[in-house]
1. Condition check: touching a residue at least 12 places away in the same chain (Cβ under 8 Å) and surrounded by fewer than 20 Cβ atoms within 10 Å (Cβ to Cβ). Does residue B:160 satisfy that?
2. Which condition from (1) more than 12 Å from chain A (Cβ to nearest Cβ); (2) acidic (Asp, Glu); (3) within 13 Å of the chain's Cα centre (by Cα) is the one that residue B:185 breaks?
3. Quickly run through segment B:36-95 and pick out the residues that are under 17 Å from residue B:183 (Cα atoms), among the small types (Gly, Ala, Ser), out of contact with any helix residue (DSSP H, G or I) (no Cβ under 6 Å at 6 or more places or on another chain) and away from chain A (no Cβ under 14 Å).
4. Report those helices (runs of 4 or more DSSP H) wholly inside segment B:144-202 carrying at least 2 residues which are within 27 Å of residue B:94 (Cβ to Cβ).
5. Six or more apart or on different chains, Cβ under 8 Å: which pairs go from a residue in segment A:176-194 that's closer than 15 Å to residue A:27 by Cβ to one that's among the charged types (D, E, K, R) and part of a helix (DSSP H, G or I)? Could you list them?
6. Say whether the condition of being over 17 Å from residue A:217 (Cα atoms), within 14 Å of another protein chain (Cβ to nearest Cβ) and not basic (Lys, Arg) is met by at least one residue in segment A:143-152.
7. When only residues in segment A:203-219 that are assigned to a loop (DSSP other than H, G, I, E, B) and without any contact (Cβ under 8 Å) to a residue 60 or more places away in the chain count, which is nearest to the chain's Cα centre (by Cα)?
There are 2 protein chains.
Amino acid sequence: MSAVRKMHDLAGADERARFSPYCWRTRLALAHKGLPVETIPWRFTEKEAIAFSGQGFVPVLVDGERCLSDSWTIAQYLEETYPDAPSLFGGVSGLAMTRFINQWATDTLNLALVRVLLPDIHAILHPKDQHYFRTTREKRFGMTIEAVRDARETNLTAMNAVLRPLNATLTGQDFLSGTGPAYADHVVFASFQWARVASPLNILDGFEAIAAWRERLLDAYGGLARATPAHFETVHGGQLTP
Amino acid sequence: MSAVRKMHDLAGADERARFSPYCWRTRLALAHKGLPVETIPWRFTEKEAIAFSGQGFVPVLVDGERCLSDSWTIAQYLEETYPDAPSLFGGVSGLAMTRFINQWATDTLNLALVRVLLPDIHAILHPKDQHYFRTTREKRFGMTIEAVRDARETNLTAMNAVLRPLNATLTGQDFLSGTGPAYADHVVFASFQWARVASPLNILDGFEAIAAWRERLLDAYGGLARATPAHFETVHGGQLTP
């Protein structure tokens with residue numbers, strides 16, 4: 001194996017703005033396994049930079065001689081390849097239930113969040129990515145980014161409904177995965193890290209249990225997630241606007 | 001302990017129509033633990049019949065000298081009281097993730113389903129329950145049962161979005177809980193059993209993985225869930241209408 005593990009990681013105009021929820025799943029899974037990684041900032045339109053992976057999306061992880069993409073594939077690879085490091089899933093039944101939580105975060109949570117975050121994500125992108133992002137997302141949602149912004153109140157109401165079972169669960173326990181964080185926490189936290197990096201909105205107003213759990217995840221793994229600048233830091237140079 | 005375990009179980013006009021998703025959670029959990037139970041048909045307005053439990057909802061389980069209500073409380077009680085029987089959760093991490101799936105089924109899945117099923121549920125109720133059901137549900141949803149029926153197409157679209165991550169998960173594995181069914185399967189299946197008993201709609205059209213998994217759960221535990229008549233059996237006396 002090569003000495004350095006490398007991962008292409010989606011970045012905004014400010015290369016410290018690492019906002020992809022799928023890349024965060026992988027970064028937290030690597031940290032959970034105690035595996036250092038060098039991240040390479042990547043933009044949506046830099047398809048040629050990851051062409052070696054045989055597809056066009058991040059995360060792309062190079063681990064020694066292996067090249068992997070798709071966060072769920074990577075998580076399963078890490079669990080199988082590094083079985084002596086702390087488990088991401090907690091056995092067969094844990095893996096099975098984590099698969100549902102992973103799918104829920106992708107299909108339900110992230111869809112609800114992107115309807116709120118879309119205009120803010122567009123605003124932090126590198127200028128060379130903005131046309132690509134606008135075109136692909138406006139086609140996906142069947143409306144302009146500006147129309148999504150105009151529907152924010154409706155979309156916030158829908159998002160709140162999606163957050164309710166998560167908040168109720170975290171009222172009764174400190175982590176989704178049990179006594180400490182594992183991959184079920186990583187995938188759901190990654191969605192809130194996405195919001196934290198890409199948007200000035202406090203989307204957890206009224207969801208105290210999720211907010212407290214998010215703080216625990218920001219502190220986990222030596223404060224890995226907290227070390228990535230939040231939206232106000234990259235957009236306003238670290239100065240909170242009055 | 002007394003010789004017979006008893007559970008009050010919500011029934012429709014036909015007392016064989018056992019449609020409560022919360023009661024089904026408990027019946028399947030008991031079957032999983034190998035614990036026989038005598039079910040007592042109960043209607044919404046028979047509050048005095050379960051007053052001994054200190055509250056007004058089913059399931060109510062009497063297990064020897066213990067009286068319990070609330071399906072999640074009952075599941076945890078069964079796991080603690082019968083540790084040598086097959087596990088409902090699969091350990092600490094399994095319990096933690098099951099809690100989220102249980103909460104998702106309650107807050108998201110059942111809410112999406114009831115917006116589709118409400119008029120059908122009302123129609124199968126014992127006449128003495130219909131006024132109570134109409135009053136409480138119309139207050140909860142802020143609209144009449146007839147208005148809910150008029151919005152069925154919209155509500156089906158919303159339900160389909162909720163089912164998507166479940167279908168994707170069950171495309172990749174046979175059960176939510178791992179290699180066999182456990183409580184995560186019970187709580188989610190219970191929602192589809194509710195639909196099967198209360199409504200003539202085939203809500204799983206287009207969701208083949210969920211439909212195949214539902215068949216596996218209908219067969220589980222000696223065909224317990226399949227033994228309860230589906231909607232067409234109680235409403236049309238077992239004859240499929242042309």
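The values are calculated or read from the model by the stated rules, or taken from the named source; none is laboratory data. Since the structure is predicted, the reported quantities are computational estimates derived from the model, not experimental observations. Glycine gets a Cβ as well: all are built from the backbone with ideal geometry, and neighbour counts include every protein chain shown.
1. Answer is yes for this residue.
2. The single condition residue B:185 does not satisfy is (1).
3. Correct list: B:85 only.
4. Fully inside segment B:144-202 and qualifying: B:152-172, B:183-198.
5. Hits for this filter: A:181/A:216; A:183/A:25; A:186/A:25; A:187/A:25; A:189/A:214; A:190/A:25; A:192/A:214.
6. No, segment A:143-152 has no match at all.
7. Across segment A:203-219, the extreme among qualifying residues is A:204.
Yes/no matrix, rows are residues, columns are (1) outside the structural domain of residue B:176 (by TED's automatic domain parsing); (2) surrounded by fewer than 18 Cβ atoms within 10 Å (Cβ to Cβ); (3) over 30 Å from residue A:99 (Cβ atoms); (4) touching a residue at least 24 places away in the same chain (Cβ under 8 Å):
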position	(1), (2), (3), (4)
B:55	yes, yes, yes, no
B:62	yes, no, yes, yes
B:68	yes, no, yes, no
B:75	yes, no, no, yes
B:98	no, no, no, yes
B:101	no, no, no, yes
B:110	no, no, no, yes
B:113	no, no, no, yes
